[in-house]
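In what follows, a single structure is set out as structure tokens and then discussed.
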């Protein structure tokens with residue numbers, strides 16, 4: 001015997017959920033998940049990350065980790081906002097992501113971390129850049145669907 005899950009209905013306060021809107025929301029949810037996971041790793045694994053990155057700043061990993069978890073919560077909230085807020089706040093989140101990528105580039109260029117830490121940072125920055133591009137692209141498609 002199989003049971004089916006009930007289909008969720010769109011929230012009438014935000015109108016029908018369009019495909020472009022769902023794509024923006026998906027990009028934001030993936031961003032939130034990645035931020036929450038990396039933030040949790042930084043919070044719980046600060047001492048190990050210290051060794052991997054060749055640094056002595058476990059407190060910094062904890063601060064950044066907490067910030068990433070907080071960012072993830074905000075991004076998840078934005079994914080549920082009204083049309084206009086979704087458009088504006090997705091842009092803000094994307095700009096923040098691009099700022100993260102630029103900051104990572106500076107850290108890598110200055111050579112603050114060792115090689116293994118650099119590869120980890122570069123990999124994370126590549127994912128964040130991909131997320132920013134996906135958010136901006138789906139946001140543009142969503143804005144076109146609204147007009």
Dividing the helical contributions, -39500 (n - 2.57) per DSSP H run of n ≥ 4, by the residues of the chain yields a 222 nm value, nearest 500 deg cm²/dmol, of -27500 deg cm²/dmol
The distance between the Cα centres of the stretch 13-67 and the stretch 81-105, in whole Å, is 14 Å
Per the rule of 0.36 nm per residue minus the C-alpha distance, extending residue 140 to residue 109 adds in nm 8.0 nm
A student asked for the Cα radius of gyration and Dmax of the stretch 19-146 in angstrom ought to give 15.6, 50
Highest mean packing first, using Cβ neighbours within 10 angstrom, the peptides 126-136, 42-52 sort as 126-136, 42-52
Descending packing, highest mean Cβ count within 10 Å first, for 112-120, 66-74 is 66-74, 112-120
Yeah, the stretch 93-147 with a ≥ b ≥ c from its alpha-carbon gyration tensor (a/c under 1.5 is rounded, else prolate when a/b outruns b/c, oblate otherwise) is prolate
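Only the coordinates and a few stated rules stand behind these numbers; no lab work does. A quick note: this is a predicted structure, and the numbers were derived from the prediction, not measured. Positions of Cβ are backbone-derived with ideal geometry, glycine not excepted, and every protein chain shown enters the neighbour counts.
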